[in-house]
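The values are calculated or read from the model by the stated rules, or taken from the named source; none is laboratory data. From a predicted model like this one, the values you see are computed outputs, not experimental measurements. Neighbour counts are summed over all protein chains in view; Cβ atoms, including those assigned to glycine, are modelled from backbone coordinates with ideal geometry. Side chains included, ligands, DNA and RNA excluded: accessible areas come from the protein's heavy atoms. Shrake-Rupley method; radii C 1.70, N 1.55, O 1.52, S 1.80 Å.
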Amino acid sequence: MTDKQTLTGDQVLQEGLADWRQLLEALHTRFRTGDFVTGLSLANAIGAAAEAANHHPDLDLRYPHLDVRLTSHDAHGLTARDVALAREISRLAAEAGVVADPAAVAVVEIGLDTADDGPLVAFWRALYGLDPVATGGEVRDPSGQLPTLWFQGTEPHETPRQRFHLDVIVPHDVAEQRVAAALAAGGTLVTDAHAPAFWVLADADGNQACVCTWQGRD
């Protein structure tokens, strides 16, 4: 296997990375640092390991946790490089006495229903501060600050039918718990026909959202 060969979700799961969870094309975790200084020290240690490996994760340091995201941008997915660095980061955290809480991670994307995304992509790219020249079927902020916007094909229809919906991407082993919590909070299940890739839920007014995992997408 080359260091640019992408791994399937099942292959990543078989690596036994207990501190990490796959959310779409990346590995995520949260380290409960307890204070800012500990988080900064761990971030510095991760930075040194990343430089040594020439493979660099995204770090989000806050009080009192440090979120880490790993992906291979040049391969557009997860590779052996991500697995190796994830193991090293877990070792550094354990050495520092910091506990991982991977169940706490999540990613939000926005889906927009449209019968024709052609006229829309340039507008949304410009609104995101990107070159309006359209590339691909989604609008992705390279800095990761803004949520990815993607376009879901649908038949032509009149507003005010719901057009936007949130995709809440969670670890595969907490998805059913998250669905149950939303239902207990007054939501309804629209369909689970595509689970575990996604469950479609609705709030009391009928506004829909999806709980999503990596499973069923390979």
* Close pairs (9 angstrom Cβ cut-off, 6 or more residues apart or separate chains): of a type in the set (A, V, I, L, M) in region 112-128, open to solvent by less than 50 Å² (accessible area, probe 1.4 Å) and part of a helix (DSSP H, G or I) anywhere -> Leu112/Leu120
* Asked: Out of all the residues in region 85-113, which are open to solvent by 50 Å² or more (accessible area, probe 1.4 Å) and of a type in the set (Val, Ile, Thr)?
  -> Val99, Val108
* **Residue that is of a type in the set (D, E, K, R) and more than 26 Å from Phe198 (Cα to Cα), where the choices are Asp131, Asp117** => Asp131
* Structure fact -> Residues of region 31-48 being closer than 19 Å to Ser72 by Cα and either part of a loop (DSSP other than H, G, I, E, B) or open to solvent by 20 Å² or more (accessible area, probe 1.4 Å) (or both), in sequence order, are Gly47, Ala48
* Asked: Any idea how many residues of region 136-156 are among the β-branched types (Val, Ile, Thr), in a loop (DSSP other than H, G, I, E, B) and surrounded by 15 or more Cβ atoms within 10 Å (Cβ to Cβ)?
  -> 1
* Restricting the search to region 195-204, which residues are of a type outside the set (Phe, Trp, Tyr) and either within 14 Å of Val170 (Cα to Cα) or surrounded by 13 or more Cβ atoms within 10 Å (Cβ to Cβ) (or both)? -> Ala195, Pro196, Ala197, Val200, Leu201, Ala202, Asp203
* Would you mind finding the one in Arg81, Arg91 that is basic (Lys, Arg), free of Cβ contacts under 8 Å to residues at least 24 places away in the same chain and closer than 21 Å to Leu13 by Cβ? => Arg91
* Structure fact -> Filtering region 1-38 down to residues that are of a type in the set (Lys, Arg) and closer than 22 Å to Gln215 by Cα yields Lys4, Arg21, Arg30
* **Residue match in region 119-132 (condition: within 22 Å of the chain's Cα centre (by Cα), open to solvent by less than 30 Å² (accessible area, probe 1.4 Å) and modelled with pLDDT of 95 or more)** => no
* Of all residues in region 160-189, which are modelled with pLDDT of 95 or more, open to solvent by 70 Å² or more (accessible area, probe 1.4 Å) and not in a helix (DSSP H, G or I)? -> Asp173, Leu189
* **Filtered residue count, region 205-218, keeping only those that are open to solvent by 80 Å² or more (accessible area, probe 1.4 Å) and in contact with a helix residue (DSSP H, G or I) (Cβ under 8 Å, 6 or more places away or on another chain)** => 2
